[in-house]
1. Just for the stretch 225-279: of the residues that are within 22 Å of R136 (Cβ to Cβ), part of a loop (DSSP other than H, G, I, E, B) and of a type in the set (K, R), which one is nearest to the ligand (Cβ to nearest atom)?
2. Condition first: hydrophobic (A, V, I, L, M, F, W, C) and part of a helix (DSSP H, G or I). Now tell me which residues in the stretch 80-94 satisfy that.
3. Under the condition of being of a type in the set (V, I, T) and either surrounded by fewer than 19 Cβ atoms within 10 Å (Cβ to Cβ) or without any contact (Cβ under 8 Å) to a residue 24 or more places away in the chain (or both), which residue from the stretch 29-64 is farthest from N209 (Cα to Cα)?
4. Does A165 meet the test of being assigned to a loop (DSSP other than H, G, I, E, B), closer than 26 Å to Q97 by Cα and among the small types (G, A, S)?
5. Please enumerate the residues belonging to the stretch 167-190 that are within 16 Å of the ligand (Cβ to nearest atom), of a type outside the set (A, V, I, L, M, F, W, C) and at pLDDT 95 or above.
6. Within the stretch 95-131, which residues are within 16 Å of the ligand (Cβ to nearest atom), surrounded by fewer than 19 Cβ atoms within 10 Å (Cβ to Cβ) and in a loop (DSSP other than H, G, I, E, B)?
7. Considering every residue within the stretch 287-303, establish whether at least one is at pLDDT 95 or above, more than 15 Å from the ligand (Cβ to nearest atom), of a type in the set (D, E) and not in a strand (DSSP E or B).
8. Quick check on T226: is it at pLDDT 95 or above and closer than 26 Å to V310 by Cβ?
Amino acid sequence: MSSLDELKQALSGTQRNTFFFLGGGSNILLKGDYDGLVIKNNIKGIEIIGETDEHIFLKAYSGENWHELVMYCVSRGWGGLENLSLIPGTAGAAPMQNIGAYGVELEKVFVSLEALNLETFGLEEFNGEQCEFGYRESVFKRRFKGKYFIYSVTLRLDKHPVIHAEYGDIKTVLAEQGIDWQNAGIKDISDAVIRIRQSKLPDPKDIGNSGSFFKNPVITPSHFDTLKSQYPDIKGFEQYNGIKVPAAWLIEQCGWKGKRVGQTGSHARQALVLVNYGDAKGEDIWQLAQDIIKSVKDRFGIDLEPEVNVIG
Ligand code: EPU
């Protein structure tokens, strides 16, 4: 569907629990066949809705491809989205889980969104606070799950961008390209992020995957201290009222990295990405996920939670 009217038409007469919205399909796992209505979002458009000396306010309709939106901004010199280059999916899915990568999360540039209330069919506006953003979280994954359809997203871009090069390999990759990070522009950052993602993360077009399968767990400082005494190499980042531990490291320590189980496996360059080598079914991936959850729990006492949207 490519308009709100088409959406309303498709939904009238449909039970709330018998449909789901499909964006780019890059962050879902279907555990089995889905016996309901799948609504593919094809609502497109990008509009400049405001401008000051410092900022551009851009409204993107939810079916827009995320990476194309990032490129639209980068090519015009508008900063804010460059660290979020090459994330698969749609603009509408971005606030749903407050997408983040390489030191930036969507909430940093987010102004507001419009969402269709699926009970009243009224269009409602949500600001950042009302979206209750967290790490890969928003109110639309919790309290309002299944209650709204995100129609458009408004972002604030910088005309005089300040770059963010502090995460991971960005500075190293810039240096390899002969760029001093302090003089880097947003195109350089975007190119570096694309390079890093292409080197670590398998392209879903080549091999089935939905990016990070689990969230990075946040544990208590005392749990972290106990683990640190047993595993001196463990990394932790103070965040979200606790210590965030890389799930990829936990999974790798349990021996899963690069391991293949039938047609499924944990990816050889990024243990957090579960892949489908060809004919695996949703239930096979789900079984692998359960086995990984169990071994991480047994060894580290940590509960991994899926980051992907599991349906069925
Ligand atoms: N690491 C391992 N083994 C691995 C991979 C990584 O031990 O196989 C360690 C690294 O040494 C590093 C740490 O884990 O210290 C973090 O690794 P990385 O920078 O690759 O990021 P991540 O925490 O695994 C998160 C996001 C990604 C995002 C990257 C970059 C989550 C769940 N995932 O991954 O997002 O691209 O940071 O910012 O927060 C996604 O959401 O689908 C996604 C790909």
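The values are calculated or read from the model by the stated rules, or taken from the named source; none is laboratory data. Note that the structure is a prediction, hence the values are computed from the model and not measured. Don't worry about glycine lacking a Cβ; one is built from the backbone with ideal geometry, like all the others, and counts go over all protein chains shown.
1. The residue in question is K235.
2. Listed by number, the residues that qualify are L84, A93, A94.
3. Looking only at the stretch 29-64, we keep the residues that are of a type in the set (V, I, T), and these are 38-39, 43, 46, 48-49, 52, 56.
Right, trim to either surrounded by fewer than 19 Cβ atoms within 10 Å (Cβ to Cβ) or without any contact (Cβ under 8 Å) to a residue 24 or more places away in the chain (or both) and you get 38-39, 46, 48-49, 52.
Numbers: V38: 20, I39: 21, I46: 28, I48: 34, I49: 36, T52: 41 Å.
Only one residue tops the list, namely T52.
4. When the stated conditions are applied, A165 passes them.
5. Matches in the stretch 167-190: K171, T172, S190.
6. Selection gives G103 alone.
7. Yes; the residues of the stretch 287-303 include at least one that is at pLDDT 95 or above, more than 15 Å from the ligand (Cβ to nearest atom), of a type in the set (D, E) and not in a strand (DSSP E or B).
8. Criteria not met by T226.
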